[in-house]
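Undergrad: Have a look at the structure that comes next, please.
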Amino acid sequence: MLGAADDRDVGPWSGGVDELAGCLAALHGRSEIERASGDQVFYMRPAKGIDVFPGPTPAYTLLPRRLIDFSRILAGQTVRFEFTPPGRNTRLLAVARPVKLGGKVFGAVILARRKTLLNQSWLPLIWRLFPAFFAGILVAGALGWYLSRRITTPVLALSDASDEVAAGRPVFLRRKDGHSAWASSEALRLAGVDATTEDPPGGAIDRDRRGAPTGILRENAMALVARLLPGPSDADFDAGLALVLGDLARLGLTAVHSMDTARCLAALQRLGGHGPLPVRVTYNLPLVDLAHAERLGVRSGWGDQWLRVWGVKAFLDGSLGSRTAEMLDGSGTVVLAQDDLEELIRRCKHAELNVCLHAIGDGAVRRALDALTVHRHAWSQWRPRLEHAQCVNPKDAPRMARLGVIASMQPIHAPSDRELADALWPTVTKHAYAWRMLEGAGVRLAFGSDAPVETADPLAGIEAATSWRRLAKWHPELALTRAAAVRAYTSGAAYAVGMEKDSGSLRPRKLCDMTVVADGRVEATIAGGRVTFRRKRA
């Protein structure tokens with residue numbers, strides 16, 4: 001194990017986790033976060049049943065874009081309602097938030113409070129609940145539709161049936177992973193997408209036998225319709241982002257690695273102007289903004305201890321659930337071509353910016369390693385990482401270790417993806433979500449969540465990486481020890497962004513970041529010596 005810390009950095013961990021999912025459950029009806037006043041420093045001597053450990057700095061804990069979307073869409077009246085969705089016996093609370101553009105209602109975002117996926121079968125019920133409200137406006141579902149393991153046809157015949165329930169309205173529903181979406185015929189018409197529209201680079205439009213779009217848009221093709229959706233004001237964006245940062249502190253997080261837009265970076269700076277953020281943020285800019293960073297001379301590590309820039313995020317492929325993960329058998333979608341990938345790495349090396357390469361399928365992982373091979377010692381702080389690395393061919397694990405490539409992984413994906421992986425990857429699941437295999441090969445692990453696709457809760461992630469695999473009897477040989485999982489969330493994640501000298505372990509002269517856990521739940525979070533969350537006494 002090449003970890004930056006030994007077992008002394010990791011205290012004993014008590015208790016379990018009540019749920020493995022639920023990052024959306026706290027979105028509405030949240031209690032106010034109790035904050036300490038001034039610069040109070042919180043000290044606690046570990047007592048029986050209470051553990052104190054380094055504040056987790058999970059890699060790829062996104063500032064949840066879709067959570068921000070919901071909380072910042074404040075124009076118009078928010079409509080709350082309860083209903084029983086098709087196929088369920090329980091009533092759910094949902095909200096519909098209208099979106100205004102130029103003073104007129106442009107569309108609405110619909111959200112169920114629980115982690116329940118909005119899909120086409122809900123639409124007739126919604127039309128009946130609000131027949132006038134949704135007449136002729138664009139309905140955007142941010143949770144979206146879900147491709148289950150039982151839907152395996154190459155072209156999903158959803159358009160006709162879904163258009164019936166759309167009732168002539170423009171509807172756009174993203175899949176939960178953000179890698180594909182469904183658009184009704186009216187939404188396609190408004191966007192100008194028809195049989196003559198070519199697939200954009202790095203994207204695909206699913207078509208029927210006549211070549212007409214079915215409504216399924218994959219990867220970069222989603223932008224053809226998504227561009228119609230209006231954006232929030234800076235004030236609304238900032239308000240939503242502040243709520244999300246508070247939620248992350250409540251989960252015990254002291255720092256996150258953000259993969260987001262330049263607008264998010266601007267909002268973080270505005271919030272930081274009012275005082276220290278509740279969570280440290282290391283920002284990784286999107287590929288589209290690399291030229292701006294090059295022109296300004298921004299390098300990895302630029303910023304301060306609360307907000308700093310580290311690398312460039314680029315997508316090599318898609319996802320398992322959207323059938324766009326690039327596999328060695330030739331299936332999936334190549335989002336970034338090899339020539340473009342090699343040019344990206346060359347530019348980042350010259351600019352002294354690290355690379356964060358999204359690679360889920362074993363084909364994308366191999367392409368990334370091929371491109372990185374000639375840049376093994378690019379510069380002193382060169383720490384390339386593969387985001388997700390959900391399927392790695394065993395032959396490539398030693399290559400990752402030799403090249404110093406970090407596996408930035410999210411254990412919480414495994415419980416969610418298990419059935420789908422068994423259905424779509426039956427011959428490779430024995431080396432999928434292979435944390436133990438990679439650790440054994442000497443690959444550095446940096447764990448995170450991929451929120452809002454999954455919960456940002458690090459306790460849930462630790463449970464998934466350790467005991468869940470054994471309890472589920474799903475390739476238990478790939479499970480980690482609890483100490484190894486905690487290292488990946490703390491010292492491993494700190495190393496991945498060049499912060500190992502300042503954070504990731506409880507040592508003298510390091511930052512005062514820690515999380516207090518008792519009976520399997522977070523009792524307090526401390527970042528920079530400030531109490532950013534403390535559980536209220538009953």
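Undergrad: What do you reckon, is residue 368 outside any loop (DSSP other than H, G, I, E, B), small (Gly, Ala, Ser), under 21 Å from residue 201 (Cα atoms) and without any contact (Cβ under 8 Å) to a residue 12 or more places away in the chain?
TA: Details: outside any loop (DSSP other than H, G, I, E, B): yes; small (Gly, Ala, Ser): yes; under 21 Å from residue 201 (Cα atoms): yes; without any contact (Cβ under 8 Å) to a residue 12 or more places away in the chain: no.
Considered against the rule, which asks whether it is outside any loop (DSSP other than H, G, I, E, B), small (Gly, Ala, Ser), under 21 Å from residue 201 (Cα atoms) and without any contact (Cβ under 8 Å) to a residue 12 or more places away in the chain, residue 368 comes out as no.
Undergrad: Looking for whichever is surrounded by fewer than 16 Cβ atoms within 10 Å (Cβ to Cβ) and either among the aromatic types (Phe, Trp, Tyr) or at pLDDT 95 or above (or both) here; the options are 263, 308, 270, 280. Which one fits?
TA: Numbers: 263 fails: either among the aromatic types (Phe, Trp, Tyr) or at pLDDT 95 or above (or both); 308 fails: surrounded by fewer than 16 Cβ atoms within 10 Å (Cβ to Cβ); 280 fails: surrounded by fewer than 16 Cβ atoms within 10 Å (Cβ to Cβ).
Result: 270 is the single residue among 263, 308, 270, 280 that is surrounded by fewer than 16 Cβ atoms within 10 Å (Cβ to Cβ) and either among the aromatic types (Phe, Trp, Tyr) or at pLDDT 95 or above (or both).
Undergrad: Only one of (1) free of Cβ contacts under 8 Å to residues at least 24 places away in the same chain; (2) closer than 21 Å to residue 276 by Cβ fails for residue 532. Which number is that?
TA: Unmet condition: (1).
Undergrad: From the list 418, 402, 436, which residue is over 22 Å from residue 471 (Cα atoms) and assigned by TED's automatic domain parsing to the domain that holds residue 258? Walk me through it before giving the result.
TA: Working: 418 fails: over 22 Å from residue 471 (Cα atoms); 436 fails: over 22 Å from residue 471 (Cα atoms).
One residue alone meets the criteria, 402.
Undergrad: Residues that are surrounded by 24 or more Cβ atoms within 10 Å (Cβ to Cβ) and in the same structural domain as residue 304 (by TED's automatic domain parsing): which helices (runs of 4 or more DSSP H) entirely in region 442-504 hold 3 or more of them? Quick ask: steps written out before the conclusion?
TA: Details: elements: 458-463, 469-472, 482-489, 491-496.
Helices (runs of 4 or more DSSP H) meeting the threshold: 458-463, 482-489, 491-496.
Undergrad: When residues of region 342-366 are filtered for being surrounded by fewer than 23 Cβ atoms within 10 Å (Cβ to Cβ) and farther than 23 Å from residue 498 by Cβ, how many remain?
TA: 4
The values are calculated or read from the model by the stated rules, or taken from the named source; none is laboratory data. These numbers were taken from a predicted model, which means no experiment stands behind them. Glycine also receives a Cβ, built like all others from the backbone with ideal geometry; neighbour counts cover every protein chain displayed.
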